[in-house]
Amino acid sequence: MASSISSSSRPFAGGWDASLVIGIVLAVVTFWLFAQTTLNVAPAMRDGLGIGEGTSNIAVSITALFSGIFIVVAGGLADRLGRVKLTYVGLAFSVVGSLLIAISPRGTAAFLMAGRIIQGLSAACIMPATLALLKARFEGKERQRAVSYWSIGSWGGSGLSALFGGLVASTLGWRWIFWMSIAVSAASFLLIRGTPESKAASATHGPFDWPGLLAFVGAMVSLNVVMGQGSALGWTSPSVQLLSALFVVCTIAFLRIEARGSHGFIDLRLFSNTTYTGATLSNFLLNGAAGTLLVALTLVQQEAGLSSLQSGLMTAGYLVAILSTIRVGEKLLQQWGPRRPMLLGCWITALGIVLTTFTFLLARQYIAVAFVGFTLFGVGLGLYATPSTDAALSNVPQEKAGSASGIYKMASSLGAALGVALSGALFTGLAHEQDFTPLAGIFMGRTDNVQVRFAAGAALLFNALMVLIAIGSIVATVPRSDHAAHRGPPGARGWPRPRTAG
């Protein structure tokens, strides 16, 4: 299907557009680098604003939660209204959200929470719109190359966030992180400006699926609160039981609404393509492993006395590895198809996370082993990123690119939000348990923090389990012979015809 494009001084078809790609990478970085720095600088922000740990934990996860909730809506709007236009909206949200956080007064979390929510809405607009724009703008190997650079902004920004946040927070102060985010958003706008608009020529304009959206919001918010605050509220408390029931009811209602509606909030037919399903599900699970960063960095700061900068340096290998292997993943994709590099990346990621669970070691030994673990973590994600993203993009028809990209990135955001919430809940809950440390005798060094170290190891092991489940999902859904299909047109792979208005 052709995309409608507006006239512009910049040609839209043919050739490599470096300024557009750089602008898109900077737009993606506004979330994955700047917004994600809270995983490392949360203690500094908590002290600077005078807020509690529970409030701080919510502020860390709420951005990914709101991004995940609204990213599919934004993807559909990108198809209807224009992908460039939604990218501009996302950049504007990024400026407003970063500004609110940068000027947050001490003694209140209102500005921080509002800013973090708006940052989530920013990511919801930018992620699917930019991915769909790359699909419309480039073809074949050029698209795979562009997706590699997009992945560098996404996964690389996530890897750099801990080191960057620690460096800025320990020198200039954590507020400067968000002033810098505003400057990067402005640079992104200037680079993208002049790009012809792209929208689906056959985009439907039927009534919006508000019941589906409300049911989805109810399910996701209730689940996130239960996972993140269940330990503090009490797992058997009436509030947790009520929220759990609300999650079940909203989930059932959502699935029924989407199955029956002609203009669904999420087009469930997208999952009829097994390669797209495998890419999206494994993407959800691998992003859920983001809890590894939160738990490991919190542990070494609290129990080993490392500063945010020093703990960030522990992940330096993660950054270097992911940046240096993303293009390798692109080449493996072109040679093997998506399945094999996705599996290889997941296995290496799992091995890296397992090494971070060695909390029974002495502090210096653990820091060294965790450094190697984070480096392998980065290698694995680098190999996985481009094959997975391109598999999702190339297996959807053009008129569904925004919606499908929104679902794929929703998996990223919700995976990160739930992974961080679950890891934090496991870590906090087990750390406060009394006399519940199996194999306590293997822990070296201090004995007064054995419970905390055990809790961290268990929470980190949970992240490794998520990656193993991702491996199973790829094996079950991505066919071995997908290399030939991967290069063919979407219609050749049994894609359903697009819905038409009326």
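Here are the numbers for this structure:
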item: Residues being part of a helix (DSSP H, G or I) and out of contact with any helix residue (DSSP H, G or I) (no Cβ under 6 Å at 6 or more places or on another chain) - total across the stretch 78-97; result: 6
item: Lone qualifier among Ser67, Ser8 - being of a type in the set (Ser, Thr, Tyr), modelled with pLDDT under 85 and within 29 Å of Lys141 (Cα to Cα); result: Ser8
item: Selection count where residues are β-branched (Val, Ile, Thr) and over 19 Å from Ile71 (Cβ atoms), scope the stretch 96-121; result: 3
item: Check on Phe93, free of Cβ contacts under 8 Å to residues at least 24 places away in the same chain and in the same structural domain as Arg175 (by TED's automatic domain parsing); result: no
item: Residue satisfying condition, being touching a residue at least 40 places away in the same chain (Cβ under 8 Å), β-branched (Val, Ile, Thr), assigned to a helix (DSSP H, G or I) and farther than 24 Å from Ala458 by Cα, within set Thr298, Thr280, Thr349, Thr292; result: Thr280
item: Residue within the stretch 324-333 that is free of Cβ contacts under 8 Å to residues at least 40 places away in the same chain, surrounded by fewer than 23 Cβ atoms within 10 Å (Cβ to Cβ) and not hydrophobic (A, V, I, L, M, F, W, C) present; result: yes
item: Members of the stretch 352-362 that are in contact (Cβ under 8 Å) with a residue 40 or more places away in the chain and within 19 Å of Asn463 (Cα to Cα); result: Ile353, Val354, Thr356, Thr357, Phe358, Thr359, Phe360
item: The stretch 293-323, residues that are farther than 16 Å from Ala431 by Cα and crowded, with 21+ Cβ neighbours inside 10 Å; result: Leu293, Ser308, Ser311, Gly312, Met314, Thr315, Gly317, Tyr318, Leu319, Ala321, Ile322
item: Residues satisfying the stated conditions in the stretch 184-241, i.e. farther than 20 Å from Leu430 by Cα, surrounded by fewer than 18 Cβ atoms within 10 Å (Cβ to Cβ), small (Gly, Ala, Ser) and modelled with pLDDT of 75 or more; result: Ala186, Ala187, Gly194, Ser239
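Rundown of residues vs (1) more than 17 Å from Gly278 (Cβ to Cβ); (2) outside the structural domain of Trp336 (by TED's automatic domain parsing); (3) free of Cβ contacts under 8 Å to residues at least 60 places away in the same chain; (4) over 17 Å from the mean Cα position of the chain (by Cα), yes/no style:
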position: Asn395; (1), (2), (3), (4): no, no, no, yes
position: Ala404; (1), (2), (3), (4): no, no, no, no
position: Ser413; (1), (2), (3), (4): yes, no, no, no
position: Leu418; (1), (2), (3), (4): yes, no, no, no
position: Ala421; (1), (2), (3), (4): yes, no, no, no
position: Gly424; (1), (2), (3), (4): yes, no, no, no
position: Gly429; (1), (2), (3), (4): yes, no, no, yes
position: Glu433; (1), (2), (3), (4): yes, no, yes, yes
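The values are calculated or read from the model by the stated rules, or taken from the named source; none is laboratory data. In this text the structure is predicted, and so the values were computed from the model without any measurement. Methodologically, a virtual Cβ is constructed for each residue, glycine included, from the backbone with ideal geometry; neighbour enumeration extends over all protein chains shown.
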